[in-house]
Amino acid sequence: MSVRPLSVVVVPELTARMARASNPRGTTAMWVRDQLDGLWDDEDFVCWYPRDGRPGLSPAQLATVCVLQFLLNLSDRQAAEAVRCRIDFKYALAMELDDPGFHHSVLTDFRDRLSRDDRADQLLSLALDRMRRAGLVKERGRQRTDSTQVLAAARELTRLELVLEAVRAALGEAATRAPEILDELVDAEWAVRYGRPVRLPSQPSHPVTRLKQAGTDARRLLERLPPHQRGPRAEALRQIMVQNFLLDTRGTLRPRTEKDGQPKGALRIVSPYDREARQAIRGNTRWSGCLVHITETCDADSRVNLITDIATTTPTRDTEALPGIHHRLSDRRLLPGQHLVDGGYVSIALLDRSARDHQVQLIGPVKASGAWQHKEQTGFTRDDFTIDFDRRRVTCPNGQTSRNWIEAPAMAPYTAARFHPTQCNPCPDRPACTRGTSARTVNFLPRHLHELQALNRTDQQDRQWKQLYATRSGVEDTICELVNGHQARRSRYHGLRKTHVQHVLTGIAINIERLASRAPAHAHSPRPPTAFQKYLDSRSLSWECWWRQGK
């Protein structure tokens, strides 16, 4: 299948006349064609398709349909039906009124193509570039970022259910790839155990015995399947076996226990159908799935905030996602001058790296020290010591200077300054300085990072900094819109790449929805007074809002 791009895309005259007659004020789909000229051109997708082959459907039209689908929360069948029946969809796609559209399975194929080689990010870049050229978004403004959890498209499984379902999934895959291997393996008992999806009660009978039996069946199946005939389901079964079973010294397979060691949640597979979903805990929230990081503009003079980046990652630390966000924003020429983030994204190294590599001022609270002096608000903290980087020594509040200055590679990037026991033992303030039997040790960052850390913590106490940082909380509204308005909390698809496609298409849809619903400055008219308000006016009684008067 190849692409035959059209040089000029014009809305047919009859389609335009019927769309304007039936929708005089226009719709969101019509706004896409009128204001942004369709968001994309076929030339933007030429590199996604081979040069030779039968001409396929317009990728620009399919991309627009996918965005409108997520804008209106439609299924594939509903989106294909809208293309056939809705006049505003035909107007947005520049189609004739008698165009029959396409089969709904075409959207699945297009999303599969979109999930390869970071093409979803390229699609977002193309849309933002069109908006940037229209003057709707600019570089070196102010942006903010936050993340939220996304549930995988898989039900929660116990350990026994996981192994049983993994064996069943691998058997289904083997029946398609190599059915002859199952002839000597599957019998009536296997048909009873794995013929239907696994549904166990909260307290199944003989769970340990059934777990051992499922492990034995999985081992026999994997031994019969050669590596070159194993698909993703069989590979998931192999990893689940490694994570949940162990061969003892006699060669007997048995379930792993806590003493044997079990993988952490960041590595443990929770579903045989989605090997990238992970179990995570943040505070009191526990889920199985992934994380989505949302970045949007928040300039004070901007009438609408636009999403500039969406990152879908495994449940890891937020600091690991920030470099990728800055790299993509740099490629899109949309790097912010000020980037507002919460404490999960901030580290001293990232503060320095963002300013050095991208000239971005990262604004967020630096994590407080974990020393007991800081937690209990008593004693001498590291800030009470004077660090002399030129002379390579540290002076304590009582005037004693450190004896050792250690820059061990294992402690990098931290430097340790140690005092001698003869200095600390006679000191009357020793209980407020250290509780160990040894002398006090002070750990600190290199000079430029140490000064940056001190400056950041000083700025956090400034009222102007607090007012600026308060703007970051507005990204919570975008997350609520993403989750509640577009059902992005639950992934529609299996796998991290397809879930990322869902998030990117939803982000583009939110941008279009915000831009299309933006009212002109002259369109605002005050609400007419009610009958009671007219009565108060006739009696010269004020009915101003009491909460706006500060009472």
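Computed from the coordinates by the stated procedures, all read-outs in this text should not be read as laboratory data. In this text, all values refer to a predicted model and were calculated from it rather than measured experimentally. Reconstructed Cβ throughout: ideal geometry from the backbone, glycine too, with neighbour counts over all protein chains shown.
Of His494, Pro431, Ser347, which is farthest on the positive side of the dipole of the chain, counting Cα position, with +1 on Lys and Arg Cβ, -1 on Asp and Glu Cβ, and the Cα centre as origin?
Value computed over the given set: Pro431.
Report D for segment 344-397 in µm² per second (integer): Stokes-Einstein, Kirkwood Rh on Cα pairs, 10 °C, 1.306 mPa s. Kindly include the intermediate steps, with their values, before the conclusion.
Working: Rh = 13.6 Å.
D = 117 µm²/s.
Under unit Cβ charges (Lys, Arg +1; Asp, Glu -1), what dipole magnitude, rounded to 20 debye, does segment 440-530 have relative to its Cα centre? Don't jump to the answer; show the numbers that get you there.
On the way: 14 positive and 7 negative charges, 59 e Å.
Charge dipole of segment 440-530: 280 debye, to the nearest 20.
In segment 159-255, how does Rg compare with the Kirkwood Rh, expressed as the Rg/Rh ratio over alpha carbon atoms?
Values: Rg = 13.0 Å, Rh = 13.7 Å.
Across segment 159-255, the Cα-based Rg/Rh ratio is 0.95.
Can you tell which of Leu237, Ser540, Asn511 lies farthest toward the positive end of the dipole of the chain, using +1 and -1 charges on the Cβ of basic and acidic side chains (Lys, Arg; Asp, Glu)?
Ser540
Mind giving me the FRET efficiency for Thr209 and Glu139? R0 is 60 Å, r the Cβ-Cβ distance, nearest 0.05 is fine. Kindly include the intermediate steps, with their values, before the conclusion.
Numbers: r = 64 Å, r/R0 = 1.06.
It comes to 0.40.
Between Ala408 and Ala178, what length comes free when the chain is fully extended (0.36 nm per residue of separation minus the Cα-Cα distance, one decimal in nm)?
Details: separation 230, 0.36 × 230 = 82.80 nm, distance 5.63 nm.
Length gained, Ala408 through Ala178: 77.2 nm.
Pairs of Cα atoms under 8 Å, at least six residues apart: use those to get the relative contact order of segment 372-459, whole percent. Intermediate results must be reported in sequence, preceding the final value.
Numbers: 105 pairs, mean separation 20.2, N = 88.
Reported as a whole number, the value is 23 percent.
Stokes-Einstein at 37 °C, 0.692 mPa s, Kirkwood radius from Cα pairs: D for the chain in µm² s⁻¹?
Working: Rh = 28.8 Å.
Here the translational diffusion coefficient equals 114 µm²/s.
Calculated from DSSP H runs of 4 or more alone, at -39500 (n - 2.57) each and per residue, what is the 222 nm mean residue ellipticity of the chain, nearest 500?
Values: 21 runs with 219 residues, N = 551.
Helix contribution divided over all residues of the chain: -12000 deg cm²/dmol.
Calculate how many DSSP beta bridges within the chain are antiparallel, expressed in % of all such bridges and rounded to the nearest 5. Don't skip to the answer; put the middle values down first.
Working: 34 of 42 bridges.
So the antiparallel bridges in the chain amount to around 80 percent.
Identify, among Pro197, Val394, Ser147, the residue whose Cα sits farthest towards the positive end of the charge dipole of the chain, taking +1 on the Cβ of Lys and Arg and -1 on the Cβ of Asp and Glu, with the dipole about the Cα centre.
The residue sitting farthest along the positive end of the dipole is Val394.
If you average the C-alpha positions of segment 253-300 and of segment 188-246 separately, how far apart do those two centres end up, in angstrom?
22
Lys and Arg at +1, Asp and Glu at -1: add these up for the other residues within a Cβ distance under 10 Å of Val483 and post the number. Can you show the working numbers first?
On the way: positive: Arg489, Arg490; negative: Glu481.
Here the count lands on +1.
May I ask you to compute the full-extension gain from Asp187 to Thr257, defined as 0.36 nm times their residue separation minus their alpha-carbon distance, rounded to one decimal in nm?
Numbers: separation 70, 0.36 × 70 = 25.20 nm, distance 3.07 nm.
Contour length minus Cα-Cα distance gives 22.1 nm.
Which lysines, on any chain, are close to Lys367 with Cα under 25 Å apart, when same-chain ones fewer than 8 places away are left out?
Lys264, Lys375, Lys466
How high is the relative contact order of segment 159-255? Use alpha-carbon pairs under 8 Å, at least six apart in sequence, and give a whole percent. Numbers along the way, then the final one.
Details: 71 pairs, mean separation 39.5, N = 97.
With pairs under 8 Å counted, the relative contact order is 41 percent.
For segment 252-305, state which trypsin sites (Lys or Arg not before Pro) are in a DSSP loop and have at most 10 other beta carbons lying within 10 Å of their beta carbon. Spell out each step's value before the answer.
Details: sites: Arg256, Lys259, Lys264, Arg268, Arg275, Arg278, Arg282, Arg286, Arg303; in loops: Arg256, Lys259, Lys264, Arg268, Arg275, Arg303.
Those satisfying the criteria are Lys259, Lys264.
Please report, to one decimal in angstroms, the Kirkwood hydrodynamic radius of segment 171-214 built from all distinct Cα-Cα pairs. Present the calculation step by step, with values, prior to reporting the outcome.
On the way: mean 1/r = 0.0823 Å⁻¹.
With all distinct Cα pairs of segment 171-214 included, I get 12.1 Å.
Taking 22 Å as R0, compute the FRET efficiency from the Cβ-Cβ separation of Arg393 and Leu455 and round it to 0.05.
Values: r = 23 Å, r/R0 = 1.02.
So the FRET efficiency works out to roughly 0.45.
So which trypsin sites (Lys or Arg not before Pro) in segment 97-127 pass both tests, a DSSP loop state and at most 13 other Cβ atoms within 10 Å of the Cβ?
Values: sites: Arg111, Arg113, Arg116, Arg119; in loops: Arg116.
Taking segment 97-127 and a limit of 13 other Cβ atoms within 10 Å, the loop trypsin sites (Lys or Arg not before Pro) found are Arg116.
Could you work out the local net charge near Thr471, counting Lys and Arg as +1, Asp and Glu as -1, over the other residues with Cβ closer than 9 Å to its Cβ? All intermediate terms of the calculation are to be shown ahead of the outcome.
Numbers: positive: Arg142, Arg144, Arg472; negative: none.
Result for the local shell: +3.
What nm distance separates the two modelled labels at Asp357 and Asp429, each placed 7 Å from Cα along Cα→Cβ?
It works out to 4.1 nm between the two label points.
First select every other residue whose beta carbon is under 11 angstrom from the beta carbon of Leu221; then total the charges, Lys and Arg +1, Asp and Glu -1.
Values: positive: Arg168, Arg219, Arg220, Arg224, Arg230, Arg233, Arg238; negative: Glu173, Asp217, Glu223.
Once all neighbours under 11 Å are counted, the net charge is +4.
Which loop trypsin sites (Lys or Arg not before Pro) in segment 367-468, with loop taken from DSSP, have no more than 15 other Cβ atoms within 10 angstrom of their Cβ? Intermediate values should be presented prior to the final figure.
Working: sites: Lys367, Lys375, Arg382, Arg391, Arg392, Arg393, Arg403, Arg418, Arg435, Arg440, Arg447, Arg457, Arg463, Lys466; in loops: Lys367, Arg391, Arg392, Arg403, Arg435, Arg440.
Qualifying residues, ordered by number: Lys367, Arg391, Arg392, Arg403, Arg435.
For segment 372-459, report the translational diffusion coefficient in µm²/s to the nearest whole number, using Stokes-Einstein at 25 °C, 0.890 mPa s, and a Kirkwood Rh over Cα pairs. Don't skip to the end; give the middle numbers.
On the way: Rh = 13.7 Å.
Estimated via Stokes-Einstein, D reaches 179 µm²/s.
So which aspartates and glutamates can Lys498 reach, going by Cα to Cα under 16 Å and dropping same-chain residues fewer than 8 places off?
Correct list for Lys498: Asp76, Asp109, Asp112, Asp117, Asp118, Asp121, Asp274, Glu276.
May I ask you to derive the relative contact order of the chain, considering only C-alpha pairs under 8 Å and at least 6 residues apart, and to give it as an integer percent?
Numbers: 720 pairs, mean separation 90.4, N = 551.
Answer for the chain is 16 percent.
Nearest 20 debye, what's the magnitude of the dipole of the chain about its Cα centre given +1 on Lys and Arg Cβ and -1 on Asp and Glu Cβ?
Numbers: 82 positive and 65 negative charges, 285 e Å.
Here the size comes out at about 1380 debye.
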